[in-house]
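A.B. asks: Let me begin by handing over the structure; questions about it come next.
The values are calculated or read from the model by the stated rules, or taken from the named source; none is laboratory data. Small disclaimer: the values here were computed from a predicted structure and weren't measured. Positions of Cβ are backbone-derived with ideal geometry, glycine not excepted, and every protein chain shown enters the neighbour counts.
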Amino acid sequence: DAKTTQPPSMDCAEGRAANLPCNHSTISGNEYVYWYRQIHSQGPQYIIHGLKNNETNEMASLIITEDRKSSTLILPHATLRDTAVYYCIVGPAGGTSYGKLTFGQGTILTVHP
Amino acid sequence: DTGVSQDPRHKITKRGQNVTFRCDPISEHNRLYWYRQTLGQGPEFLTYFQNEAQLEKSRLLSDRFSAERPKGSFSTLEIQRTEQGDSAMYLCASSPRATGELFFGEGSRLTVL
């Protein structure tokens, strides 16, 4: 699986958009980009995933560059409850390994009042 | 709450003892995963079941570790002759289909003294 690079930490003001970047320059054509987050002492929570098109759901938006070498997770209106570690993962493309995810160190997002 | 349930949430044991963790996945999710997370690190894949069949095991899963999923429902993860290096959060996740969208439980935290 391709590796990802994320900043170790980011800050965001409550109510503002949080834009979390991720580099995945070695991603292959059929690998997906997944985002999870982990609030302290809880299990990881799936946020969103995409292949090449931008995606949006009730939690966030995912913007993937045209060359697919990087992506940005956008939390449109961050709240204090969004403070968590955010993981960008390049997921396996098929076979039995769909759920075999390689988590990196992630980005610690701190939302300030 | 019909999410993934793990038991016990916390376990403190002495080195050399055996411990067993149980995971109840979301009903009708035929895919079940075990991950391990040590302090300050992202979760690491341990093993994967599709129904009752264990289809993949990580090299992290030494011969002291055994996982089962009888009848394709709940799963157990047993660690024999525990070592201090086994101290970690053991996370279970399930999924209804071949996807990287996993539903994680709250985890079982193991402390080996």
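A.B. asks: If I filter segment A:86-113 down to residues being more than 8 Å from chain B (Cβ to nearest Cβ) and under 12 Å from the mean Cα position of the chain (by Cα), which single residue comes out as modelled with the lowest pLDDT?
C.D. replies: Among them, the one singled out is A:V90.
A.B. asks: Please give the number of the condition B:G100 fails out of (1) at the interface with chain A (Cβ under 8 Å from one of its Cβ atoms); (2) among the small types (G, A, S); (3) part of a strand (DSSP E or B); (4) without any contact (Cβ under 8 Å) to a residue 24 or more places away in the chain.
C.D. replies: (3)
A.B. asks: Turning to a different aspect of this structure: Has segment B:68-75 got at least one residue that is within 12 Å of another protein chain (Cβ to nearest Cβ) and within 28 Å of A:A84 (Cβ to Cβ)?
C.D. replies: No, segment B:68-75 contains no residue that is within 12 Å of another protein chain (Cβ to nearest Cβ) and within 28 Å of A:A84 (Cβ to Cβ).
A.B. asks: If you don't mind, there's one more thing I want to ask. Among B:N18, B:N51, which is the only one that is in contact with an Asp or Glu (Cβ under 8 Å, 6 or more places away or on another chain) and either modelled with pLDDT of 95 or more or surrounded by fewer than 15 Cβ atoms within 10 Å (Cβ to Cβ) (or both)?
C.D. replies: Matching residue, one of B:N18, B:N51: B:N18.
A.B. asks: Among the residues in segment B:69-87, are any outside any strand (DSSP E or B), charged (D, E, K, R) and within 21 Å of B:G42 (Cβ to Cβ)?
C.D. replies: Yes; the residues of segment B:69-87 include at least one that is outside any strand (DSSP E or B), charged (D, E, K, R) and within 21 Å of B:G42 (Cβ to Cβ).
A.B. asks: Can you pull out every residue in segment A:32-50 that is within 11 Å of chain B (Cβ to nearest Cβ) and either of a type in the set (S, T, Y) or part of a loop (DSSP other than H, G, I, E, B) (or both)?
C.D. replies: Those that are within 11 Å of chain B (Cβ to nearest Cβ) and either of a type in the set (S, T, Y) or part of a loop (DSSP other than H, G, I, E, B) (or both): A:Y32, A:Y34, A:Y36, A:I39, A:S41, A:Q42, A:G43, A:P44, A:Y46.
A.B. asks: I need a count of the residues in segment A:1-31 that are in a strand (DSSP E or B) and closer than 16 Å to A:S61 by Cβ.
C.D. replies: Matching residues across segment A:1-31 total 6.
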